[in-house]
1. Count, please, the residues in segment 367-396 that happen to be closer than 23 Å to ASP328 by Cβ and part of a loop (DSSP other than H, G, I, E, B).
2. With respect to TYR364, determine if the residue is touching a helix residue (DSSP H, G or I) at 6+ places or on another chain (Cβ under 9 Å), among the aromatic types (Phe, Trp, Tyr), in a helix (DSSP H, G or I) and modelled with pLDDT of 95 or more.
3. Output yes when any residue across segment 22-39 is open to solvent by 40 Å² or more (accessible area, probe 1.4 Å), modelled with pLDDT under 50 and assigned to a helix (DSSP H, G or I), and no when none is.
4. Any idea how many residues of segment 501-550 are free of Cβ contacts under 8 Å to residues at least 60 places away in the same chain, basic (Lys, Arg) and touching a Lys or Arg at 6+ places or on another chain (Cβ under 9 Å)?
5. Given segment 93-198, what strands (runs of 3 or more DSSP E) lie entirely inside it while holding 3 or more residues that are surrounded by fewer than 23 Cβ atoms within 10 Å (Cβ to Cβ) and of a type outside the set (Val, Ile, Thr)?
6. Got at least one residue in segment 304-316 being acidic (Asp, Glu) and surrounded by fewer than 22 Cβ atoms within 10 Å (Cβ to Cβ)?
7. So how many residues does segment 139-155 have that are free of Cβ contacts under 8 Å to residues at least 60 places away in the same chain and under 16 Å from ASN324 (Cβ atoms)?
8. Does VAL239 satisfy the condition of being in contact with a strand residue (DSSP E or B) (Cβ under 6 Å, 6 or more places away or on another chain), β-branched (Val, Ile, Thr) and open to solvent by less than 30 Å² (accessible area, probe 1.4 Å)?
Amino acid sequence: MKTLIYSIVFPILFVLTSCSSAQNQTSVTRSADVIIYGGTSGAVTAAVQVKKMGKSVIIVSPDKHLGGLSSGGLGFTDTGNKSVIGGLSREFYHRLYQHYQQPENWTWQKQSEYGNKGQGTPAMDGSNRTMWIFEPHAAEQVFEDFVKENGITVYRDEWLDRSKKGVSMKNGEIQSFRTLSGTTYQGKMFIDATYEGDLMAAAGVSYHVGREANSVYGEKWNGVQAGVFQHGHYFKKPVSPYKVPGDPKSGLLPEISSEPIAENGTGDNKIQAYCFRLSMSNHPDNRVAFPKPEGYDPARYELLLRVFDTGWRETFQKYDPIPNHKTDTNNHGPFSTDYLGKNYDYPDASYERRREIIEDHENYQKGLLYFMQNDPRMPDDVKKEMQQWGLAKDEFKDNGNWPHQIYVREARRMLGEDVMTEQHTLGEKPVSNPIGMGSYSLDAHNAQRYVTAEGYVQNEGDIGVHPKQPYSISYGSILPKAAECKNLLVPVAMSSSHIAFGSIRMEPVFMILGQSAATAAVLAIDNKVSPQKLPYEKLRAVLLKDGQRLEL
């Protein structure tokens with residue numbers, strides 16, 4: 001069986017994650033003013049900012065590829081109002097614009113043939129010299145250029161020892177942390193820029209997993225939201241969930257939960273579904289056939305056939321075009337690439353368990369593609385169109401053309417000095433001490449697929465509420481409570497309710513918050529204070545000087 005390489009798959013030596021395995025390695029200590037854990041887009045912008053401010057920095061990345069989702073298939077950028085994207089985040093999109101001004105980078109189509117469609121704006125914005133839609137390898141090259149140009153030290157395939165001995169604390173501060181290779185990383189300030197919030201959790205910082213009840217923060221759109229359909233990702237016509245249609249005794253079809261639906265507004269441990277954002281191609285010379293996964297079982301996709309039987313034909317609406325006859329393919333419809341209900345334990349799971357979850361997601365999604373392209377029961381029109389597509393041959397070449405990063409839409413969320421809530425994002429409450437802005441809709445994907453009281457199958461959790469205008473994000477939302485940790489900043493798994501995070505969780509925002517976190521870390525070192533005690537006006541002045549957008 002072919003060995004798969006993932007963003008969070010690791011050498012088999014490390015699967016057990018035991019203390020003894022770490023101690024048996026050669027002991028090495030590496031030091032810098034600021035230690036950043038993670039390989040996401042936010043990690044890279046944070047490191048660039050530290051260097052620009054004259055301090056030493058090390059990126060300790062479990063990932064081999066830098067950029068997280070921004071280089072992992074999410075090329076059809078979720079931006080919202082682009083005018084609030086500033087600083088290094090905007091520089092990233094400017095560099096992509098420069099990349100696509102070079103004729104040699106239009107390999108499989110002419111630039112004039114590209115439709116230039118973005119989310120509410122042209123993909124290529126000539127007036128602002130930004131490119132919002134891009135290929136994964138182009139994005140990864142920008143991150144690598146950032147690292148090279150700024151002389152940033154990166155140690156890859158380095159996994160935090162998440163045992164109780166993995167993080168050394170003294171007087172409420174992280175002194176160092178250890179990786180499974182046995183290496184120790186010492187610093188004055190630390191930044192957790194992982195999607196999962198692993199360093200934050202290992203340091204003993206409080207966090208939440210799942211959906212809060214609406215009563216917790218006085219929200220409307222949190223918790224269970226059965227019967228709320230704000231996108232097209234639900235069953236629009238009645239579909240039986242049973243193996244024998246209409247017969248409960250026959251048992252449920254695969255991919256449907258038997259758990260009764262809870263009352264709306266109820267909190268639970270469920271998180272929005274994950275998927276892989278695929279880079280697909282319909283160019284005959286740059287596509288490879290969708291592989292048939294090991295253990296392929298067409299029966300698990302029976303529910304999709306029933307959707308087609310209702311006349312549904314929105315299959316290709318989220319095959320969003322990126323340059324060179326490729327897509328950023330995302331979930332769309334009632335039964336698609338989102339793998340509902342199979343990620344609830346991912347945030348707190350061991351590395352070994354996470355690997356199992358990722359492989360399960362990959363097999364589900366590969367099986368879905370193979371089914372749609374090959375099963376004789378598929379509608380002829382959909383099957384014929386589907387057979388024009390394959391995985392892009394020139395993307396993710398070291399991983400069988402499959403993305404190296406699963407879309408962790410949400411995992412742990414810190415319970416910090418401030419908590420961003422629905423009211424902040426919708427402009428109903430003021431935000432103090434802003435360090436960046438967001439503007440995208442409160443966008444949560446489905447969390448479960450259940451049987452209704454009427455005996456039909458339905459999805460739940462898909463929310464899309466649009467803010468009236470861009471909103472600020474508070475400094476306190478990337479800070480742990482001072483009593484828990486005084487030298488850590490958390491710009492990705494930041495402090496937010498589930499539904500507010502649905503808007504904040506966009507890649508441009510993670511880059512913005514990464515830069516702001518790094519600025520605060522350096523200023524805290526210079527002023528010999530904790531980030532919690534850093535005078536906001538000092539932080540604000542530097543953020544504005546560096547092009548961050550803080551408020552309307």
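The values are calculated or read from the model by the stated rules, or taken from the named source; none is laboratory data. Nothing here was measured: the structure is a model prediction, and the numbers come from that model. Because the Cβ atoms are built from the backbone with ideal geometry, glycine has one as well, and the counts that use them run over all protein chains shown. Surface areas here come from the heavy atoms of the whole protein model, side chains and all, with no ligands, DNA or RNA. Shrake-Rupley method; radii C 1.70, N 1.55, O 1.52, S 1.80 Å.
1. Looking only at that region, the number is 7.
2. Yes; evaluated as a whole, the condition is true for this residue.
3. Narrowing segment 22-39 to residues open to solvent by 40 Å² or more (accessible area, probe 1.4 Å): 23-31.
This time we only want the ones that are modelled with pLDDT under 50, so: 23-24.
Filter again for assigned to a helix (DSSP H, G or I), leaving 23.
Yes, segment 22-39 contains a residue that is open to solvent by 40 Å² or more (accessible area, probe 1.4 Å), modelled with pLDDT under 50 and assigned to a helix (DSSP H, G or I).
4. Final tally of qualifying residues: 1.
5. Numbers: elements: 153-156, 167-170, 173-178, 183-192.
Filter on segment 93-198 gives 167-170, 173-178.
6. yes
7. Qualifying residue count, segment 139-155: 1.
8. Numbers: in contact with a strand residue (DSSP E or B) (Cβ under 6 Å, 6 or more places away or on another chain): yes; β-branched (Val, Ile, Thr): yes; open to solvent by less than 30 Å² (accessible area, probe 1.4 Å): yes.
The answer is yes for VAL239.
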